[in-house]
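Following: one structure in structure tokens, then a few remarks.
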Amino acid sequence: MILPFFPLKLVVFPGEELNLHIFEPRYKELIKDVEVGGLTFGICTYTDQLTGYGTEVVLRDIHTRYDDGRMDIKTTGKRVFKIATFDNPAVGKEYAAGAIELLEDDPTVPDYLHHEYIFYLREMLHLLHYDVSFDPADVDSFSFSHKIGLKLDEELELIKIPSEASRTDYLIKHLKRIIPALQAAEEAKEKIKQNGHFKHLDPLDF
């Protein structure tokens, strides 16, 4: 399978809706080809170099077209892939393209593991003061993973894991590490607030 490539310093999760502002000539060409040909394209994760992995994305809508050719587009993540070949630029194009290998994925996860993840996820979102309601049945390992303190390399590690159960376990371990640190930070903030107030102290009886 051959895809046009759009390297970016981010990880796109399957099912994620991603808005992009397109301004470079090579990527304006890429989006034009995708739109005309009804193609998908690959957002390749870039750190200090190409990581060799990315996510196939679907162009859902060109939200705004500017007079100078720039565009605001809406995309949705589809499937994770490993880069097999990378041609920069592709023949006759300004942008890169190449062959990909789609990663296999087992979507099943035991109920007990999913419930444990939801428990820690709610606690994490509460500590972050992120007020959102959701149906646990609609949540998978990718749903909130941009919001729970994963580093870029950890997000990359997550998409490379080939099963929902293993990804869920990975996230539970991450949350168990980070939640105590956030709780300690919250307690420290409360102590700092209290130190700024007048205190009513009972006299000591010696």
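The values are calculated or read from the model by the stated rules, or taken from the named source; none is laboratory data. Since the structure is predicted, the reported quantities are computational estimates derived from the model, not experimental observations. We place every Cβ from the backbone using ideal geometry, glycine too, and count neighbours over all the protein chains shown. Just so you know, the surface numbers come from the protein's heavy atoms only, side chains and all, with ligands and any DNA or RNA stripped out. Shrake-Rupley method; radii C 1.70, N 1.55, O 1.52, S 1.80 Å.
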Residue pairs qualifying under the 7 Å Cβ cut-off, at least six apart or on distinct chains, with the first in the range 147-161 being closer than 17 Å to residue 177 by Cα and the second being assigned to a loop (DSSP other than H, G, I, E, B) and among the acidic types (Asp, Glu), are none
Flagged pairs (Cβ under 9 angstrom, 6 or more apart or on separate chains; first in the range 22-50, closer than 19 Å to residue 86 by Cβ; second in a helix (DSSP H, G or I) and open to solvent by 80 Å² or more (accessible area, probe 1.4 Å)) are 47/153
Picked from the range 72-113 (must be surrounded by 14 or more Cβ atoms within 10 Å (Cβ to Cβ) and hydroxyl-bearing (Ser, Thr, Tyr)), the residue nearest to residue 137 (Cα to Cα) is 76
Those residues of the range 72-87 which are over 22 Å from the mean Cα position of the chain (by Cα) and outside any loop (DSSP other than H, G, I, E, B) amount to 87
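Can you find, within the range 54-71, the residue that is surrounded by the fewest Cβ atoms within 10 Å (Cβ to Cβ) among those that are assigned to a strand (DSSP E or B) and free of Cβ contacts under 8 Å to residues at least 12 places away in the same chain? Give the steps one after another, and end with the answer.
Our first condition is that a residue be assigned to a strand (DSSP E or B); within the range 54-71, this holds for 54-65, 71.
Next cut, free of Cβ contacts under 8 Å to residues at least 12 places away in the same chain only: 64-65.
Values: 64: 10, 65: 12.
Per the stated criteria, the residue is 64.
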Review point. Is the range 77-92 home to any residue that is over 30 Å from residue 174 (Cβ atoms), charged (D, E, K, R) and in contact with a helix residue (DSSP H, G or I) (Cβ under 9 Å, 6 or more places away or on another chain)?
Key: no
Of the residues in the range 135-156 that are closer than 17 Å to residue 78 by Cα and under 11 Å from the mean Cα position of the chain (by Cα), the one that is most open to solvent (accessible area, probe 1.4 Å) is 146
Considering residues that are over 14 Å from residue 15 (Cβ atoms), aliphatic (A, V, I, L, M) and part of a helix (DSSP H, G or I), the number found within the range 143-161 is 2
By residue number, the members of the range 113-136 that are hydrophobic (A, V, I, L, M, F, W, C) and outside any helix (DSSP H, G or I) are 128, 132, 134
